[in-house]
Amino acid sequence: MTDAETQTPFDGYDRLGQRAIMDRLSDHTQVELAGIESYERSHQNRLPVLDKLRYMRSREPFDGYDAFSAEQILAALQESDLDGVKRVRDYERKFANRPDVIATAARVQHERQESRPAAPVPAYKPASAS
């Protein structure tokens, strides 16, 4: 076993029940969740905990996101394209759930959508015209 597999992911981990562990997972970065998953698999291997970890693990909206402060994320949103803004909003809702980041992401998303040219409406062609 490696050091990462023998060192507990956080204080008291081995004394906590699976529900208590699952409740605390959203407090951790993607890197930390990877370590928790490795430790859990090599120790108690509880399916509910592993299922929750599988749900929680995802790509950050951009590299280093979990280490950014809310202010840094808000600044990055101003430079992001519509897809990037959506990734931030979705990730924030699932993890940190910071109201100011979610509100700004929603506002920037709305601005980006409003500035997009409208897609042309397809011409109506009745099925009987074929």
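A quick yes/no check of all residues on (1) out of contact with any helix residue (DSSP H, G or I) (no Cβ under 6 Å at 6 or more places or on another chain); (2) of a type outside the set (Val, Ile, Thr):
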position	(1), (2)
VAL31	yes, no
LEU47	yes, yes
LYS52	no, yes
ARG59	yes, yes
GLN78	yes, yes
VAL88	no, no
TYR91	yes, yes
THR104	no, no
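Taking the condition of being modelled with pLDDT of 95 or more and not in a helix (DSSP H, G or I), how many residues in region 17-42 meet it?
Within region 17-42, residues that are modelled with pLDDT of 95 or more and not in a helix (DSSP H, G or I) number 1.
Would you call LEU74 in a helix (DSSP H, G or I), within 20 Å of GLY12 (Cβ to Cβ) and not hydroxyl-bearing (Ser, Thr, Tyr)?
No.
Scan region 28-44 and report the pairs whose first residue is over 14 Å from THR8 (Cβ atoms) and whose second residue is loosely packed, with under 14 Cβ neighbours inside 10 Å and not hydrophobic (A, V, I, L, M, F, W, C), with Cβ atoms within less than 8 Å and a gap of 6+ or a chain change.
Pairs that qualify, where the first residue is over 14 Å from THR8 (Cβ atoms) and the partner is loosely packed, with under 14 Cβ neighbours inside 10 Å and not hydrophobic (A, V, I, L, M, F, W, C), are GLN30/ARG57; GLN30/ARG59; LEU33/ARG57; ALA34/ARG57.
The values are calculated or read from the model by the stated rules, or taken from the named source; none is laboratory data. Here the structure is a predicted model, which means the values were calculated and not measured. For neighbour counting, all protein chains shown are included, and Cβ atoms are generated from backbone atoms with ideal geometry for every residue, glycine included.
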